[in-house]
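**Student:** Pasting a structure here, questions to come.
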Amino acid sequence: MDLLIVEQMDRLLAVFQPHCHDADTLKELRALLHEPQDWVQAHYLSTRIRAKALNAVKEGDLKGELQFAFEEVCAKTLHNLSSSKKPFDPDTPYWIIPLALKLAKVLAIDERKILDVATS
């Protein structure tokens, strides 16, 4: 399952990347997906993403808010896959698809692309 969820996150991030104005942490996350020995570092990345999400909320940027919420659950899931002694909540991966669907909607991306990844 670990490899499947990593592959699915990568595919979802690839769908969103061309549509996101601020893709810096998205690119970092995609790179980190391919470095299992570094997954524990996703904790720090999730903290940085959370700060961006809070800023987006403050600015009334719904697209940014949803993008960073999606990125954050991906980073937290990746951290949990590292077998860290301080994991995030175990339900974290279950938020990936619902947040991806919300993000797709605000970015005007066909939601079927998300469902195709989720069911692959």
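**Student:** Identify, please: which residue in segment 5-33 is in contact (Cβ under 8 Å) with a residue 12 or more places away in the chain and over 18 Å from LYS113 (Cβ atoms) and is, among those, nearest to the chain's Cα centre (by Cα)?
**Tutor:** Within segment 5-33, the match that is nearest to the chain's Cα centre (by Cα) is LEU29.
**Student:** If you don't mind, another one. Would you tally the residues in segment 30-56 being more than 22 Å from LYS85 (Cβ to Cβ) and either part of a helix (DSSP H, G or I) or of a type in the set (A, V, I, L, M, F, W, C) (or both)?
**Tutor:** 8
**Student:** Filter segment 56-83 for residues that are among the charged types (D, E, K, R) and touching a residue at least 24 places away in the same chain (Cβ under 8 Å); which is nearest to ALA23 (Cα to Cα)? Quick ask: steps written out before the conclusion?
**Tutor:** Here is the first cut: in segment 56-83, the residues among the charged types (D, E, K, R) are 58-59, 61, 63, 65, 71-72, 76.
Narrowing further to those that are touching a residue at least 24 places away in the same chain (Cβ under 8 Å): 63, 71-72, 76.
Working: LYS63: 12, GLU71: 10, GLU72: 13, LYS76: 18 Å.
This residue is GLU71.
**Student:** Turning to a different aspect of this structure: What is the number of the single condition among (1) closer than 21 Å to LYS113 by Cβ; (2) among the charged types (D, E, K, R); (3) modelled with pLDDT under 95 that ASP2 does not meet?
**Tutor:** (1)
**Student:** Determine whether segment 72-87 contains at least one residue that is over 12 Å from the mean Cα position of the chain (by Cα), loosely packed, with under 13 Cβ neighbours inside 10 Å and not charged (D, E, K, R).
**Tutor:** yes
**Student:** Just need a number here: residues in segment 95-120 that are under 17 Å from GLU71 (Cα atoms) and not in a helix (DSSP H, G or I). It would help to see each step written out before you state the result.
**Tutor:** Within segment 95-120, the subset under 17 Å from GLU71 (Cα atoms) is 95-107, 109, 114, 117-118.
Right, trim to not in a helix (DSSP H, G or I) and you get 107, 109.
Going through segment 95-120 one residue at a time, the tally reaches 2.
**Student:** May I pose another question? Please determine, by comparing only the residues of segment 84-95 that are charged (D, E, K, R) and without any contact (Cβ under 8 Å) to a residue 24 or more places away in the chain, which one is nearest to THR47 (Cα to Cα).
**Tutor:** Restricting to residues being charged (D, E, K, R) and without any contact (Cβ under 8 Å) to a residue 24 or more places away in the chain, the top hit is ASP89.
**Student:** Restricting attention to segment 28-50, does a residue exist that is in contact with a His (Cβ under 9 Å, 6 or more places away or on another chain), farther than 27 Å from VAL106 by Cα, surrounded by 15 or more Cβ atoms within 10 Å (Cβ to Cβ) and not aromatic (Phe, Trp, Tyr)?
**Tutor:** Scanning segment 28-50, I find at least one residue that is in contact with a His (Cβ under 9 Å, 6 or more places away or on another chain), farther than 27 Å from VAL106 by Cα, surrounded by 15 or more Cβ atoms within 10 Å (Cβ to Cβ) and not aromatic (Phe, Trp, Tyr), so the answer is yes.
**Student:** Same structure, new question: If you go through segment 68-93 one residue at a time, how many are farther than 22 Å from ASP38 by Cβ and at pLDDT 95 or above?
**Tutor:** Looking only at that region, the number is 1.
The values are calculated or read from the model by the stated rules, or taken from the named source; none is laboratory data. Model, not experiment: these values are computed from the prediction. Neighbour counts are summed over all protein chains in view; Cβ atoms, including those assigned to glycine, are modelled from backbone coordinates with ideal geometry.
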